[in-house]
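Novice: My questions all concern the structure below.
The values are calculated or read from the model by the stated rules, or taken from the named source; none is laboratory data. Everything numeric in this text was worked out from a predicted model, so none of it was measured. Note: ideal-geometry Cβ built from the backbone for every residue, glycine included; neighbour counts use all protein chains shown. What goes into the accessible areas is simple: the full protein's heavy atoms, side chains included, and nothing from ligands, DNA or RNA. Shrake-Rupley method; radii C 1.70, N 1.55, O 1.52, S 1.80 Å.
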Amino acid sequence: MSNFKYTALDKSGKEVKASVEAEDKQSAIEQLKSQGLSPVKVDEEGLFDKDLSFNFGGKKKVKPRDLSVFCRQFVSITGAGVAIVDALDMLGGQTENKTLKAAIEDTKLSVQKGETLARAMGRQTGVFPDIMINMVEAGEATGNLETAFERVGEQMEKQTKLRSMVKSAMIYPIALLVIIIGVVIAMMIMVIPTFSSMYADMDQKLPALTQALVACSDFMVAKWYVCIIVVMIAVIAIKVFKSTKQGTYFFAKIAMKAPIFGTLTVKNNSASFARTLSTLTASGISMIEALEITARTLKNVYFRDDVLKAREKVAEGRPLSEPLKLGGVFPNMIVQMIGIGEETGSMEDMLTTAATYYEEEVEVATNNISQIVQPLIIVVLAGIVGTIIMAILIPMFGMYSIADGGGE
């Protein structure tokens, strides 16, 4: 999936500029047309458009939790007999997120002009996700709009919880890694130079480890700007590579196969897949359309591709469990549960059960990561610092032993 910048015209002739995520340029154009927009210009975003852009006073991103609160409040207000337009007016007035607030106001105006709620929400590019728009559309068609919003709210809450757990699992290792790098840099710049002058006065050959350490320290002190340039080049190179198709698959593979964290990636994507597909099919959306929407919600490209390939097979009349099993990306358990659901006619229930199971597994995995990574990083830190201290002290021990030998 790539991001595409576009300029389009809505039905009133108003110019709209934003970005959309799609497989290719043609898919992006079709997606815009389905939202009632007439594309004028569509281009794929470059590196500096999406990775190095800064948002000073621009649109604030709408988080899943913001959408969850919006859905819950919408259900409560409309459940009390308030009309949709009035409900949107009330929600727009009390929403703190400025981007969501503006989107709700625009949606209200479109509904007042006679548009359906789903189409009006679809105009707010980048605010309301596809899963929400499609479920609202299904809710309007079946007369179960409140149920649709309630399910979307629950979906967003689950999504928020999963992301929170994954982030909590990553924060501690990253923080410790930053501390390790900081400690090493501080020792190389502040501690080692203190001993370098001492070593220079010593009439003896330094051990290879100490020589390497002193040379590295001298380079960092004298050529610190080179170190910064090298780091910046490395970061930009990684970003450029990651923005390419090869880079996307490379890092996705690492995320799936990495020790400790790979299990978390698989379980997180499995939970997201099962929960989203269950929510969509329960709302009356066809399996083929639900699979396409679900694929767009998955972060790992291998899982996304596997679902899209499965969608093609389902469109040919094959059961979902068969292509998922052949793909080999999803765990056997989720494939088996889908197969049981297909045989017994209880697909939605089995997907919900699978989603609940893998959400619990994600929680267990995040706890395990904290328990495993914490002592592991501490050992690594101790090893690095210990090696540096050893390199500092070995010449001193040699100097003292020579002095003792001379005294005898």
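Novice: Looking at I340 and the list (1) part of a helix (DSSP H, G or I); (2) in contact (Cβ under 8 Å) with a residue 12 or more places away in the chain; (3) within 24 Å of T294 (Cα to Cα), which single condition is not satisfied?
Specialist: (2)
Novice: For the list (1) touching a residue at least 60 places away in the same chain (Cβ under 8 Å); (2) among the small types (G, A, S); (3) surrounded by fewer than 16 Cβ atoms within 10 Å (Cβ to Cβ), I need the number of the one condition that A148 fails.
Specialist: If we test A148 against (1) touching a residue at least 60 places away in the same chain (Cβ under 8 Å); (2) among the small types (G, A, S); (3) surrounded by fewer than 16 Cβ atoms within 10 Å (Cβ to Cβ), just (3) comes out false.
Novice: For the range 113-133, which positions are out of contact with any Asp or Glu (no Cβ under 7 Å at 6 or more places or on another chain) and touching a residue at least 40 places away in the same chain (Cβ under 8 Å)? Talk me through it step by step, then tell me what you get.
Specialist: Here is the first cut: in the range 113-133, the ones out of contact with any Asp or Glu (no Cβ under 7 Å at 6 or more places or on another chain) are 113-115, 119-122, 125-133.
Passing the criteria: R119, G122, T125, G126, V127, F128, P129, D130, I131, M132.
Novice: Would you confirm whether or not the range 46-61 contains a residue that is at pLDDT 75 or above and open to solvent by less than 50 Å² (accessible area, probe 1.4 Å)?
Specialist: No: the range 46-61 contains no residue that is at pLDDT 75 or above and open to solvent by less than 50 Å² (accessible area, probe 1.4 Å).
Novice: Kindly provide the set of residues from the range 178-200 that are open to solvent by 80 Å² or more (accessible area, probe 1.4 Å) and in contact (Cβ under 8 Å) with a residue 40 or more places away in the chain, ordered by number.
Specialist: Passing the criteria: only I179.
Novice: Also, I was wondering about something else. When you look at A315, is it touching a residue at least 12 places away in the same chain (Cβ under 8 Å), out of contact with any Cys (no Cβ under 6 Å at 6 or more places or on another chain), closer than 27 Å to A141 by Cα and surrounded by fewer than 18 Cβ atoms within 10 Å (Cβ to Cβ), yes or no?
Specialist: Values: touching a residue at least 12 places away in the same chain (Cβ under 8 Å): yes; out of contact with any Cys (no Cβ under 6 Å at 6 or more places or on another chain): yes; closer than 27 Å to A141 by Cα: yes; surrounded by fewer than 18 Cβ atoms within 10 Å (Cβ to Cβ): yes.
It is true that A315 is touching a residue at least 12 places away in the same chain (Cβ under 8 Å), out of contact with any Cys (no Cβ under 6 Å at 6 or more places or on another chain), closer than 27 Å to A141 by Cα and surrounded by fewer than 18 Cβ atoms within 10 Å (Cβ to Cβ).
Novice: Considering each of A255, A215, A237, A175 in turn, give the residue that is farther than 30 Å from T294 by Cα, in a helix (DSSP H, G or I) and open to solvent by less than 50 Å² (accessible area, probe 1.4 Å).
Specialist: A175
For every residue, the table says whether it meets (1) within 26 Å of the chain's Cα centre (by Cα); (2) among the polar types (S, T, N, Q).
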residue	(1), (2)
G262	yes, no
A274	yes, no
R296	yes, no
K325	yes, no
N332	yes, yes
G339	no, no
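Novice: Inside the range 286-303, can you point out the residues that are open to solvent by 20 Å² or more (accessible area, probe 1.4 Å) and either in a helix (DSSP H, G or I) or farther than 28 Å from I254 by Cβ (or both)?
Specialist: Matches in the range 286-303: S286, M287, I288, E289, E292, R296, T297, Y302.
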